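The values are calculated or read from the model by the stated rules, or taken from the named source; none is laboratory data. No experiment lies behind these values; they were computed from the predicted model shown. Reconstructed Cβ throughout: ideal geometry from the backbone, glycine too, with neighbour counts over all protein chains shown. Ligands, DNA and RNA are excluded from the accessible area calculation, which covers all protein heavy atoms including side chains. Shrake-Rupley method; radii C 1.70, N 1.55, O 1.52, S 1.80 Å.
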Amino acid sequence: AIQALTRNEVLDFFRMLSDRKLSRRTIAKYVQRLHTFWNWCIENNLTDKNIVTKIPKYGTVVDMAPVPLTEDHRLKLKTAISEKEPYLWLACELIYYSAIRPNELRLLKIKDIDPVRSTITVIASVAKNRKTETVSVPASVIKQMKDLGIFAYNREFYVFGQKNIPSQNPMGHNTLRNRFNLYREALKIPTEIKFYSWKHTGAINAIENGIPIMQLKDHLRHSSVSTTEIYIRKRQPKGGVIDKYLPEI
């Protein structure tokens, strides 16, 4: 059956996705998965040619980057979340202060935290860049962990366990994000603000407070400074705060 499919039919499928207003990034994922599937079919002698190749770029270009939180947003979220769900608030702080990605956070184990040195080691098997690297954590956040009794649990436990306490099984992939979204909706904060916005907010605030770009690169665990520059360029005004340089009209 797969041998009966033609390249034109594959292209029609991608055009249909584009007509449904899917983003270019989403359609590119479909292309990659179907390309991989066709390779598998070739390896298993189901067909002799991969027709999912040299696919034009379909879809709408959409800026999916999370928007940094305003000071008002941060205060509202802190007040609401820290009082009701201290573990969720801890997750927000670790993303903001230590630039830990949500999935890295979900798979964080107690043994990866050094409360004496105030550091967290993100191991290669869970890191997005597949490198083991260590990030700093504010002493105040380490104190919160101690107050929550985290270091009294088995060191092999995940910090963010399934029952909202450290356990041998991590939370689901979207649990923290979905819980954050509930607070965002209740507080009537725009949907452009994402759970991951805490990381963008931390990076922008660090730049505005004078952190050297190379130090921020290391903090964000970027492979190059150009990646860091692209990361902050979208959300920081070009030329800085212009009213510092122009006289009043």
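Using the Karplus relation 6.51 cos²θ - 1.76 cosθ + 1.60 with θ = phi - 60°, the per-residue 3J(HN,Hα) values for segment 219-230 come to 5, 7, 6, 8, 6, 8, 5, 5, 5, 5, 4, 5 Hz, with x marking Gly and Pro. Over the chain, DSSP H runs of length four or greater, each weighted -39,500 (n - 2.57), average out per residue to a 222 nm ellipticity of -14000 deg cm²/dmol. Applying 0.36 nm per residue to the separation of residue 16 and residue 192 and subtracting their alpha-carbon distance, the gain on full extension is 60.7 nm. Treating r as the C-beta distance of residue 152 and residue 43 and R0 as 35 Å, the FRET efficiency rounds to 0.10. For segment 44-147, the fraction of C-alpha pairs more than 18 angstrom apart is 62%. For the chain, a simple Cβ point-charge model (Lys and Arg +1, Asp and Glu -1, everything else neutral) yields a dipole of about 360 debye relative to the Cα centre. If you bin all the Cα-Cα distances of segment 1-62 at 10 Å, starting from zero, the percentages per bin are 24, 50, 23, 4.
Cα convex hull of the chain: how many Å³ per residue?
205
For segment 49-136, trypsin sites (Lys or Arg not before Pro) meeting the loop criterion (DSSP other than H, G, I, E, B) and having at most 14 other Cβ atoms within 10 Å: 49, 54, 57, 117, 128, 130, 131.
Element breakdown for segment 1-138 at a 1.4 angstrom probe: carbon and sulfur atoms account for 52% of the accessible area. Note that segment 99-178 presents 54 Å² accessible area per residue, ligands and nucleic acids not counted, probe 1.4 Å. Amide H to amide H, with H built 1.01 Å from N, residue 109 comes under 5 Å of 159, counting only residues 5 or more places away or on other chains. Comparing 53, 8, 68 along the charge dipole axis of the chain, the residue lying farthest to the positive side is 8, per the Cβ-charge model.
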